[in-house]
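What follows is one structure encoded as structure tokens, with my remarks underneath.
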Amino acid sequence: MAGEITGGCQCGAVRFSVERLGRASICHCRMCQKAFGGFYGPLVGGHGLAWTRGAPAWFQSSNKVRRGFCAQCGTPLAYDYGGATVEVAIGALDDPELAAPAIQVNPADKLSFVDGLPDLPMQRRGENPNSDAFMTGIVSHQHPDHDTVQWPPAGGFVA
């Protein structure tokens, strides 16, 4: 039976659980950059992975790897290289803090500006009235960071 570590996509169509997590990594390869639409791919081994709602669609990104994602909302979910464990996207975990990266891989493709990201200025709440007003008016339609019996909620979303 699957454990209590859970996750899923942003729309809630695909949910999963794992019994335990393996080593978390950040992959800088170009395929991960494109698959995640980001600067790198944050992944962690998902031992005892079970799809608990729906199932991912798969894209064969190379001759050795297929990548799972939600066909409804596009959230990257899984990296399957044919090994004993499928890796899951750290950001898709309900509690991403459980998977602090322990290693970076494929540094040859690392984007030149990644190491400087922590040095960029941080805009905080209260520093930009327009940004604050925008953020205050947001109503999230994303699935919450826990399992739900029904999704979307009965009666739909309230705007």
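Laboratory data are not the source of any read-out in this text; all were calculated from the coordinates shown. Source: prediction; values computed, not measured. All Cβ positions, glycine included, derive from the backbone under ideal geometry; neighbour counts span all protein chains shown.
Candidates are the residues of the range 43-63 that are in a loop (DSSP other than H, G, I, E, B) and in contact with a Gly (Cβ under 7 Å, 6 or more places away or on another chain); the one that is farthest from residue 29 (Cα to Cα) is 48. Filtering 97, 127 for residues that are acidic (Asp, Glu), surrounded by fewer than 18 Cβ atoms within 10 Å (Cβ to Cβ), in a loop (DSSP other than H, G, I, E, B) and at negative phi leaves a single hit, 127.
Looking at the structure I just gave you, is residue 84 over 26 Å from residue 144 (Cβ atoms), free of Cβ contacts under 8 Å to residues at least 60 places away in the same chain and not in a strand (DSSP E or B)?
yes
Of all the residues in the range 31-57, those that are under 14 Å from residue 67 (Cα atoms) and charged (D, E, K, R) number 1. Being in contact (Cβ under 8 Å) with a residue 12 or more places away in the chain and within 18 Å of residue 101 (Cα to Cα) is the requirement here; does residue 15 meet it? Judged against the criteria, residue 15 is not a match. The listed residues are 92, 102, 133, and the only one of them that is in contact (Cβ under 8 Å) with a residue 12 or more places away in the chain, over 26 Å from residue 52 (Cα atoms) and among the small types (Gly, Ala, Ser) turns out to be 102. Among the residues in the range 14-34, are any β-branched (Val, Ile, Thr), under 13 Å from the mean Cα position of the chain (by Cα) and either assigned to a strand (DSSP E or B) or surrounded by 23 or more Cβ atoms within 10 Å (Cβ to Cβ) (or both)? Among the residues of the range 14-34, at least one is β-branched (Val, Ile, Thr), under 13 Å from the mean Cα position of the chain (by Cα) and either assigned to a strand (DSSP E or B) or surrounded by 23 or more Cβ atoms within 10 Å (Cβ to Cβ) (or both), which makes the answer yes. Report whether or not residue 147 is touching a Lys or Arg at 6+ places or on another chain (Cβ under 7 Å), surrounded by 10 or more Cβ atoms within 10 Å (Cβ to Cβ), outside any loop (DSSP other than H, G, I, E, B) and not aromatic (Phe, Trp, Tyr). No; evaluated as a whole, the condition is false for this residue.
Among the residues making up the range 35-51, those that are buried (at least 16 other Cβ atoms within 10 Å of the Cβ) and of a type in the set (Phe, Trp, Tyr) are 36, 40, 51.
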